[in-house]
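Student: Below: one structure in structure tokens.
Taken together, the values in this text are just the output of simple stated rules run on the coordinates, not laboratory data. Computed from a prediction, not measured in an experiment: that's the story for all the values here. Neighbour counts are summed over all protein chains in view; Cβ atoms, including those assigned to glycine, are modelled from backbone coordinates with ideal geometry.
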Amino acid sequence: MISIDKIKEEIAGAVSKNAEDLEAFRIRFISRKSVIGELFSKMKDVPAEERKKFGQQINEVKNLAQEKFKGLVSSLEKEETKIEAAPFDLTLPSAKGALGSRHPITITRNRIIEIFEKIGFNVSDGPEIEDDWHNFTALNFPPNHPAREMQDTFFIEKNPDIALRTHTSSVQIRVMENQQPPIRTLCPGRVFRNEAISARAHCIFHQVEGFYVNENVSFVDLKQTLFHFAKEMFGKDTKVRYRPSYFPFTEPSAEIDISCNICKGDGCNVCKYTGWVEIAGSGMIDPNVLENVGIDSEKYTGFAFGMGIERIAMLKWEINDLRLFTENDIRFLDQFKSF
């Protein structure tokens, strides 16, 4: 058994440079299983006539250990305070923080806007919560159109219908209600449709609509506009084709395909081995739409087109899963730091 005098010497010479040293001191001298605790357990082996004196000695060393522990705690706290209060050297170079990156949807949106701004388009915005008139009726949707059903649209109220907009074409109506031709604008924004989330679809995505209304606007103007966009976005070697289609708000209507930039037209799973991928819908604005917003359809004509920003981004960077855009995976987003 270690002697009381030896324990006193250990306590007196103890120092604490950090929290680990302090904890080691506590375990050795303060805790229940400390060397002082062992001395108390030996009390029963001490002759009766010596117990009082032995007990006094143990209490003395116990008090000594507790006082020393308090002193060590106080010294350590003062040292930490001194370090925290040390003056900041203003001549030191600043620490470089890790730079974030723009989201690929933002990069794509900005690039689309940049391309169209160079040929005279400006940018318009509108609300994400829309009424039936701006989202459906003014755009020539018939009363029984499937898009008006609950399984396709997120309705907030019924009678009158208030819903999350299903396309940015609603902004087209708002612009034409408040402005007379010539009008040439883009309407980018977030849209909502009641769809199951998968690698190819999402209930929340981004769309950009563009339209041009003026005297003598023709389908040739539409074709050349989108031809220019495809070349600027995907490269000079990109091929473009137009397929007849149907949309309630345009007549005639066409869907625009580009040659697959992944397989270069040879065929792959992205283009379903056709060599072509769809990028947009388009057409000449239906005269009914112009009349609905107070524009003379006998004097003015116009074209409109709409495309999903996610689709353009997926083709631009060969991304095969739409869900990556909303999962906030740093490993995915870090790839776009250079853009």
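Student: With respect to the cross-link table entries LYS8/LYS44; LYS158/LYS223; LYS52/LYS78, which display a Cα-Cα separation exceeding 30 Å?
Tutor: Working: LYS8/LYS44 22 Å; LYS158/LYS223 39 Å; LYS52/LYS78 39 Å.
Flagged as over cut-off: LYS158/LYS223; LYS52/LYS78.
Student: Given springs between every Cα pair under 10 Å in a Gaussian network model of the chain, which of SER259, SER16, SER169 has the largest fluctuation?
Tutor: Residue with maximal mean-square fluctuation among SER259, SER16, SER169: SER16.
Student: Same structure, new question: Taking the Cα atoms of the range 102-247 alone, what are Rg (to one decimal) and Dmax (as a whole number) in Å?
Tutor: Calculated on Cα positions, Rg and Dmax stand at 16.5, 51 Å.
Student: Bin by bin, in steps of 5 Å, what percent of the Cα pairs in the range 149-219 do you find, going until the bin that has the longest distance?
Tutor: So the P(r) values, bin by bin, are 3, 14, 20, 18, 16, 12, 10, 5, 1.
Student: Can you tell me the dipole magnitude for the range 132-208 around its Cα centre, using point charges on the Cβ only (Lys, Arg +1; Asp, Glu -1), in Debye to the nearest 20?
Tutor: Roughly 280 debye, rounded to the nearest 20.
Student: Mind checking the log10 I(q)/I(0) for the range 194-305 at q = 0.20 Å⁻¹? Debye, one equal scatterer per Cα, no solvent, two decimals.
Tutor: Taken in order of the listed q values, log10 I(q)/I(0) reads -1.10.
Student: Another one. Are there any trypsin sites (Lys or Arg not before Pro) in the range 1-62 that are in a DSSP loop and have at most 16 other Cβ atoms within 10 Å? List them by number.
Tutor: Here the trypsin sites (Lys or Arg not before Pro) that fit, given the DSSP loop and packing criteria, are LYS17, ARG32, LYS33, LYS42.
Student: With the Cα gyration tensor of the range 14-56 in hand, give its eigenvalues times 5 under a square root as the equivalent ellipsoid semi-axes, listed largest first in whole angstrom.
Tutor: Working: eigenvalues 173, 18, 5 Å².
Whole-Å semi-axes of the equivalent ellipsoid: 29, 10, 5.
Student: To the nearest 20 debye, what charge dipole does the chain have about its Cα centre, counting +1 at the Cβ of each Lys and Arg and -1 at the Cβ of each Asp and Glu?
Tutor: 1640
Student: For the chain, take the longest principal axis of its alpha carbons; what is the angle in degrees between that and the long axis of helix 19-29, to the nearest 10 within 0 to 90?
Tutor: 40
Student: Assign unit charges at the C-beta atoms only (+1 for Lys and Arg, -1 for Asp and Glu), then state the dipole size of the range 221-339 relative to its Cα centre in Debye, rounded to the nearest 20.
Tutor: 500
Student: Related question: Counting pairs of alpha carbon atoms under 8 Å apart in space and at least six apart in sequence, what relative contact order in percent does the range 191-286 give?
Tutor: Relative contact order for the range 191-286 comes out at 19 percent.
Student: Given points 7 Å out from each Cα along the Cα-Cβ axis, report the HIS103 to ASP237 separation in nanometres with one decimal.
Tutor: 3.3
Student: Run the Debye formula on the Cα coordinates of the range 4-84, all scatterers equal and no solvent, and tell me log10 I(q)/I(0) at q = 0.11, 0.13, 0.22 1/Å.
Tutor: -0.34, -0.45, -0.98
Student: For SER198, SER101, SER34, what's the fewest-to-most ordering of other Cβ within 10 Å of each Cβ?
Tutor: Starting with the residue having the fewest Cβ neighbours, the order is SER198, SER101, SER34.
Student: Please name whichever of ILE107, PHE54, ILE30 sits farthest to the positive end of the charge dipole of the chain, dipole taken about the Cα centre and charges placed at Cβ: Lys and Arg +1, Asp and Glu -1.
Tutor: PHE54
Student: Expressed as a whole number of Å, what is the distance separating the alpha-carbon centroids of the range 88-163 and the range 1-68?
Tutor: 73
Student: What chymotrypsin sites (Phe, Trp or Tyr not before Pro) in the range 31-120 are in a loop by DSSP, with at most 11 other Cβ atoms within 10 Å of the Cβ?
Tutor: PHE88
Student: Expressed as an acute angle from 0 to 90° and rounded to the nearest 10, what is the orientation of the C-alpha long axis of helix 219-234 relative to the principal long axis of the chain?
Tutor: Its long axis makes an angle of about 30 degrees.
Student: As a test of the definition: which semi-axes, in Å, follow for the range 1-153 when you take the square root of five times each eigenvalue of its alpha carbon gyration tensor? Largest first, please.
Tutor: 81, 27, 12
Student: If you filter the range 168-245 for trypsin sites (Lys or Arg not before Pro), then keep DSSP loop positions with at most 12 other Cβ within 10 Å, what is left?
Tutor: Here the trypsin sites (Lys or Arg not before Pro) that fit, given the DSSP loop and packing criteria, are LYS236.
Student: Now a separate question. What lysines does LYS272 reach when the alpha-carbon gap must be under 18 Å and sequence neighbours fewer than 8 apart in one chain are set aside?
Tutor: Of all the lysines, those that pass the test against LYS272 - Cα under 18 Å, at least 8 places apart if same chain - are LYS239, LYS264, LYS316.
Student: Can you sort THR168, THR274 by how many other beta carbons sit within 10 Å, fewest first?
Tutor: Sorted ascending by nearby Cβ count, the order is THR274, THR168.
Student: Sorting GLU114, GLU278 on the 10 Å Cβ count, fewest up front, what's the list?
Tutor: Exposure proxy ranking, most exposed first: GLU114, GLU278.
Student: Here are some values of Kirkwood radius over Cα pairs in Å: (1) 20.1; (2) 25.2; (3) 26.3. Which one was computed from this structure?
Tutor: Correct label is (3).
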